[in-house]
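Report on one structure; see the data block that follows.
The values are calculated or read from the model by the stated rules, or taken from the named source; none is laboratory data. Quantities reported herein were computed from a predicted structural model and do not represent experimental measurements. We place every Cβ from the backbone using ideal geometry, glycine too, and count neighbours over all the protein chains shown.
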Amino acid sequence: MVKWAEVAAKPEPVAAQAKRCSIFGSVFVSGKDALVVFTPSGRRGRFPVGSSLLQAARSLGVDIDSVCGGRGICGRCQVLVSEGEFSKHGVVSSNDNLSPVSAVEQEYCSTQPMQQGRRLSCSAQVLGDLVIDVPSSSQVHKQVVRKAAEAHDVHLDPLIRLYFVEVQEPDMHDPSGDLRRLEDALEFEWQLTDLSCDVLVVQQLQTALRQGEWKVTVAVHAGNQIIAVWPKLKEHVYGLAVDVGSTTIAAHLCDLASGEVVASAGVMNPQIRFGEDLMSRVSYVMMNPGGEVEMTVAVRAALNDLAVEVAAQAGISAKDILEATFVGNPIMHHLLLGINPVELGGAPFALATDRAITLWASEIDFAIHRNARIYVLPCIAGHVGADTAGVILAERPDLTDKITLLVDVGTNAEIVLGNNQRLLACSSPTGPAFEGAQISCGQRAAPGAIERVRIDPVTLDARFKVIGSDLWSDDPGFAAAVANTGVTGVCGSGIIEALAELYLAGVIRHDGVINGELAARNPRIQPDGRTFSYELYRATEHAPALKVMQNDVRAIQLGKAALYAGVRLLMERMGIASVDRIRLAGAFGSHIDVKYAMVLGMIPDCILSEVSSAGNAAGSQTREMRRIAAALVILARQLRDGHRAFALTVDLHQMRPEHLQRFQQVGHIHGCAAIDQGLQIPASMAQTFSRTQCSGDHGRCCKQRNARVSLQTVEQQLRAE
Ligand code: FES
């Protein structure tokens, strides 16, 4: 007769074996061993009858979770017997080969729901040959499946883990302190050694131990630092992934045990009152010494509101958030950390640091758990921020041999190009036109803004959709549908569509001039000094007209030339004439119809099905990629190191004035056709699209066709409609 602990836990000290036996119950076994196969890992081994399934799994290195250390109270170790004859394994597996449901399991089931057939592996004992399935919910390093298309799964491996322990009570004959006995218990039960402990934990330790009757849960960071303690069993702690954008701040709250996003929210960045765009905020600091402190205070206050909001959504306390990760452009990054951003306002755009930063929540006045850790993703350079690094992490162009173009469109466009061989990045000053600013009728994407535009190529009349209504402006009921919001302006995606449609209808010429000769055909084309404008929305008694002016066309031309210049610069450096896939990110990128971006030449030629916008079109999801990136860094520690590595190896390119000039000279409203003339279009493509083939939603029709499409082909398709 052999005690289980003596068989399976040889390296443990004798005292440990004895104690573990008391945890798992005194299990005596006979000399006959049973074969146990664990799936999906396929690991197998022979174990004495009477062995605990959890210990058997651990001795084979099978990944099974546990917080309570096998006490039957956390429920993390659930497994399922696969019944039947498994010739592949040479096993006939049956529920009868496992010990009957124990009192511990019955007790657990009386308080917690448990799926039919599941068993607590810490309580169930091996009686015969078994095939045991470990569901992904019971695995520590489970796969986290991203919802986005082209998702990359990651192995869940958060830096913070919970451990439940029973600590020996103090004894007159043993003068050791409570912390020493806690560390002994962690080493004894979880083999955690060389631990250090924050003083904040020590301050709470005695109360927690006595409230918990010497049973506590501790949170350990990176396997070596105790950062929190709670009385009794604590099953869930959370991480907050935050994207600090210049307009909005958005966050995902993640359960560190399951990897699930349990709540999401966004708030406006209150720094807007100091300046709409980044450079205005830097100017504010230049003109108002100390202004950076005001902006730091403002953004931190918004972060606290956000933490409270997501915690309320998830029904938890903000104090249960033990880690937060941040991505942001360099200026947001600096202001969050209380660093003066003035150096980022001009060449050579020197960052205070290009390293990742880890600090305590209290150091940025973040009112989550007092001892929570903050991880700020590194900026790549003064003009390519942690947000771009986050987009790279979310998309992982470095994992494929396809050449990927990532464009994060905002006031500046951050552009990344490359594959698993090489990644290049640059930033290009597109200006605020794509976000609706510096456009005479422009406004931010908000209810009432025109976001979709169609121009009839025969009548030259316009119809449009506004944010907040699904109806087109010529649909019955449109006026009633927009009665509350009105038609207030044109947002970034609306101005792109308006210009592209006007070009396709011939109202805007190839050189970007609004063609006044067409004024006789439709009164919407009106003289405006020495140029002409196009009236998109006629004035009402409550609202002024919304017109596309010649200067608006010029502003968009400059912006798209800057964007295209950045893309072409990187393509030339890479020595390529085309890209395999394009992802548009950022608030604007999430709304843009990619075909219109192609018509205007904002992005290079690519198979349409390989061009997509990142994130959901819903306003609260527009920063999805960055938030995902921040979440991934919380949930998978290996990505943190990987991210650091590739953030440092991305090959940076600085846009110089001559690059911009070269492309602005080309300056056609229709893409950069002169530059693209080398791209040969198969003649057959001209017939690929026709009115009858298209459902009316250009994207759906085009995306179904896995064919290379040139700018001209898109143009033909849109004209055909
Ligand atoms: S390990 Fe906690 S219930 Fe089994």
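Side notes on the structure shown:
Per-residue answers, yes or no, for (1) surrounded by fewer than 24 Cβ atoms within 10 Å (Cβ to Cβ); (2) touching a strand residue (DSSP E or B) at 6+ places or on another chain (Cβ under 9 Å):
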position: Asp354; (1), (2): yes, yes
position: Asp365; (1), (2): yes, no
position: Tyr375; (1), (2): yes, yes
position: Cys379; (1), (2): no, yes
position: Thr388; (1), (2): no, yes
position: Val407; (1), (2): no, yes
position: Val416; (1), (2): no, yes
position: Gly431; (1), (2): yes, no
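- Candidates in segment 159-178 are the residues that are away from the ligand (no atom under 16 Å from the Cβ) and not in a loop (DSSP other than H, G, I, E, B); of these, the one that is surrounded by the most Cβ atoms within 10 Å (Cβ to Cβ) is Ile160.
- Counting only strands (runs of 3 or more DSSP E) wholly contained in segment 66-127, the ones carrying 1 or more residues that are near the ligand (Cβ under 10 Å from one of its atoms) and in contact with a Ser or Thr (Cβ under 9 Å, 6 or more places away or on another chain) occupy 78-81, 118-120.
- Subset of segment 476-490 [in contact (Cβ under 8 Å) with a residue 12 or more places away in the chain and among the aliphatic types (A, V, I, L, M)]: Ala481, Val482, Val487, Val490
- Condition broken by Trp214, with the remaining ones in (1) under 28 Å from Ile374 (Cβ atoms); (2) among the hydrophobic types (A, V, I, L, M, F, W, C); (3) not assigned by TED's automatic domain parsing to the domain that holds Arg281 satisfied: (1)
- Segment 33-49: number of residues that are over 13 Å from Leu130 (Cβ atoms) and in a loop (DSSP other than H, G, I, E, B): 3
- Enumeration of residues in segment 187-204 that are closer than 19 Å to Val67 by Cα, more than 34 Å from the chain's Cα centre (by Cα) and in contact (Cβ under 8 Å) with a residue 24 or more places away in the chain: Phe188, Glu189
- Residue check for Arg58: within 13 Å of the ligand (Cβ to nearest atom) and surrounded by fewer than 22 Cβ atoms within 10 Å (Cβ to Cβ): yes
- Number of positions in segment 248-263 that are buried (at least 21 other Cβ atoms within 10 Å of the Cβ) and either part of a loop (DSSP other than H, G, I, E, B) or polar (S, T, N, Q) (or both): 3
- Any hit, segment 604-614, residues being charged (D, E, K, R), crowded, with 18+ Cβ neighbours inside 10 Å and modelled with pLDDT under 80: yes
- All positions within segment 189-211 that are touching a strand residue (DSSP E or B) at 6+ places or on another chain (Cβ under 9 Å), more than 16 Å from the ligand (Cβ to nearest atom) and not aliphatic (A, V, I, L, M): Ser196, Cys197, Asp198, Gln204, Thr207, Arg210, Gln211
- For beta carbons closer than 7 Å, sequence separation of 6+ or different chains, a first residue in segment 73-89 that is at pLDDT 90 or above and a second that is away from the ligand (no atom under 14 Å from the Cβ) and not in a strand (DSSP E or B), the qualifying pairs are Leu80/Gly117; Val81/Asn95.
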